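The block underneath contains the structure these notes are about, expressed in C-alpha cells.
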Amino acid sequence: MKPQTLVSQHLTEIAIFDSRLDDLSTLLTGLNPGVEPLVLHSEEDALVQIAAVLANRQNIRALHLIGHGAPGMIFLGRSPITLNHLTATQLQPWKDALAPNASILIYGCNVAEGKRGAAFMTRLQYLTQAHVAASTTPIGNAAHGGNWELDATPSPHAVRLAIQPAARAAYSGILMALDDLSADLFTLNGSAVIENEGGTNIIRLTPDETSQSGTALSNSKIDLTTDWTLTVELAFGSNDGGADGIAFILHNDPAGAFIVGRDGGELGVGGIQNSLAIEFDTLGNQDLNDPGFDHTTILDPEQYGTANPTTITVPTQLGVDANNNPLNIETGQYFVVSISWNAATNTLAYSFDGNEFAPLIRDLVATDFNGATEVFWGFGGGTGAATNPQSVRFLAGDDRLIRTDERDVIVAGAGNDTVVGLGGNADGETAVVKSVM
Ligand SMILES: [Ca+2]
Ligand SMILES: [Ca+2]
Ligand SMILES: [Ca+2]
C-alpha cells in the first residue's frame, strides 16, 4: 500500500457553514476536535465551493451543512440549495469524496419537513449514497423554539453532531430561513429567487440584469368576501436610471401560481389573465403614457399590448423629496407597502411609505376576476434595457401579513424551470386571515 493511500484513508469530517449565520464564532469554536471547518463565501455558489474543497479528497466520514433552512432547502453561499440543485453531476464530487457509510448532517430549520423535505432527503441520499439526517423542526436556541435533534434520518446511529453540547447550549440563534413566511406562501417563477440579504431572507424578483421578469405568487387564494390587509416591504435597487418596478397583483389566471408575465415596463405581470395590479413604476415608458417620475397606479395587466389603456387610476408620484419634487424610490432602501380590501364597500386601498393613494372602488369579482371570489396574490418585477435588483421583504414577526395554513414549499429556479411535481397549489383552499388591521 502506498503511503499517500494511508494518508488519504485517514477518516475526517468537514463542517460547512454559511457565513451569514448569527453567532457563527460560537459554532466554530464548539466543533468537535478533528472536524474541519469551512465557511462559504456568501457571493459564490455553494455547490461549486464545496466541490472545490472535496476535489481529490477521499474517505470523508461526515459532511455537516450548517445554514438557515426551510422545508426542502438549505441556504448556503449565494442562493439556497433546493431539490432542483440536487443532480448527479452536481453531487458527483460528494459521492467521490465520501467514505462508505458516510453521513451528511444538515443543521437548518425544518429542512426535512413535509413532502418537499422528504423528497430533498431522499434525493440527496440516493445521489450520494450517504446517510442523510436533518430536522423537521427548528434548529437552534430553545428560547426561539429550536433544538439540536436531527429527527429525520433512516439511520439514527449515523447522527453524530459536529458541534459540542456546550456550544449548542450557548448558541443564541436559530437556523430558520424565513420567519415562517414566504417559503410556504409563494411559488417563485421566472427570475424570482429567495436570497439571504444581511441575515434576512427576501424574495429577489429580478436580478440587476436586462430583460428579466419574475413573480412570487401565493400558493393559496385570498378571499374577497372578507376584509384583509397585507403589509410588506419593497426595494427597487439604487440606480435612478434603472427600471422597471414592482407590481402587486391579484389574479384568477388559469395557470394559478405558476405564471410569470412579460418583462420590462409590464413588470412581470403583463398578460396575466383575470387580473388587477398596483404598480410601483420606476421608468417612464412613453408608449404606456407613463409620467417621467417614479409613480404608482392601479392597472389592468391584461391590457398591456392592446389598444386600451392599462391604467385605471391616475398615475401619481409616490411621495415628495426635500425639494418637493416627486420622490425617487430607487434608493436601495425598503419601503413599507400596505394594501387592504374592504369587502362590504368593494374598496381596494393602499399606501406606500405612509402615503395613501386614491382607492379603487369597484366590483373586482365581476369586473376583473371573471366571477371568482378567491384569487391568487403576489408580486411581479421586470427589467428591460435598464435594470435594478428588485425585492420583496416581509416584516419580521409581523402577522399583519396574511397567513395561510401549512404548505409545501414550491420554488422554481431561474428561467422557465418546471416546478418539481410536489405539493399542490390552486387546491381551492382559502387563505386564513389573521389579525386583520
Ligand atoms: Ca428609474
Ligand atoms: Ca413604466
Ligand atoms: Ca427613480
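From the list Gly242, Gly271, the one residue that fits, being within 13 Å of ligand 3 (Cβ to nearest atom), surrounded by fewer than 23 Cβ atoms within 10 Å (Cβ to Cβ) and more than 15 Å from Ser218 (Cα to Cα), is Gly242. Of the candidates Thr128, Thr82, Thr89, the single residue that is under 24 Å from the mean Cα position of the chain (by Cα) and either surrounded by fewer than 18 Cβ atoms within 10 Å (Cβ to Cβ) or in contact (Cβ under 8 Å) with a residue 24 or more places away in the chain (or both) is Thr82. Residue count for the range 292-330 under the criterion of being assigned to a loop (DSSP other than H, G, I, E, B), free of Cβ contacts under 8 Å to residues at least 60 places away in the same chain and more than 19 Å from Leu360 (Cβ to Cβ): the result is 13.
Have a look at Asp253, Asp300 and point out the one that is more than 26 Å from Gly354 (Cα to Cα), away from ligand 3 (no atom under 16 Å from the Cβ) and in the same structural domain as Val365 (by TED's automatic domain parsing).
Answer to the selection: Asp253.
Applying the condition of being assigned to a loop (DSSP other than H, G, I, E, B) and small (Gly, Ala, Ser) to the range 345-376 and asking which residue is surrounded by the most Cβ atoms within 10 Å (Cβ to Cβ) yields Ala372. With respect to the stated conditions, Thr136 is more than 19 Å from Thr26 (Cβ to Cβ), free of Cβ contacts under 8 Å to residues at least 60 places away in the same chain and under 21 Å from the mean Cα position of the chain (by Cα). Taking the criterion of being surrounded by 12 or more Cβ atoms within 10 Å (Cβ to Cβ) and closer than 15 Å to Ser275 by Cβ, the residues of the range 306-320 that qualify are Thr310, Thr311, Ile312. Residues in the range 281-295 that are charged (D, E, K, R) and near ligand 3 (Cβ under 10 Å from one of its atoms) were compared, and the one that is surrounded by the fewest Cβ atoms within 10 Å (Cβ to Cβ) is Asp294. Checking each residue in the range 250-291 for being on the phi > 0 side of the Ramachandran plot and part of a helix (DSSP H, G or I) picks out only Gly264.
Of all strands (runs of 3 or more DSSP E) completely enclosed by the range 119-217, which ones contain at least 1 residues that are at pLDDT 85 or above and not assigned by TED's automatic domain parsing to the domain that holds Ala243?
Fully inside the range 119-217 and qualifying: 131-133.
Take the conditions surrounded by 21 or more Cβ atoms within 10 Å (Cβ to Cβ) and within 16 Å of ligand 2 (Cβ to nearest atom) and apply them to Gly190. Does it pass? Criteria not met by Gly190.
Run down Leu250, Leu224 and say which single residue is surrounded by fewer than 24 Cβ atoms within 10 Å (Cβ to Cβ) and closer than 20 Å to Ile312 by Cβ.
After ruling out the rest, the residue left standing is Leu224.
Conditions (1) over 25 Å from the mean Cα position of the chain (by Cα); (2) away from ligand 2 (no atom under 12 Å from the Cβ); (3) of a type in the set (Lys, Arg), marked per residue:
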residue	(1), (2), (3)
Ala216	no, yes, no
Asp223	no, yes, no
Leu230	no, yes, no
Asn252	no, yes, no
Ile272	no, yes, no
Gly292	yes, no, no
Pro301	no, yes, no
Val320	yes, yes, no
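The values are calculated or read from the model by the stated rules, or taken from the named source; none is laboratory data. Model, not experiment: these values are computed from the prediction. Glycine gets a Cβ as well: all are built from the backbone with ideal geometry, and neighbour counts include every protein chain shown.
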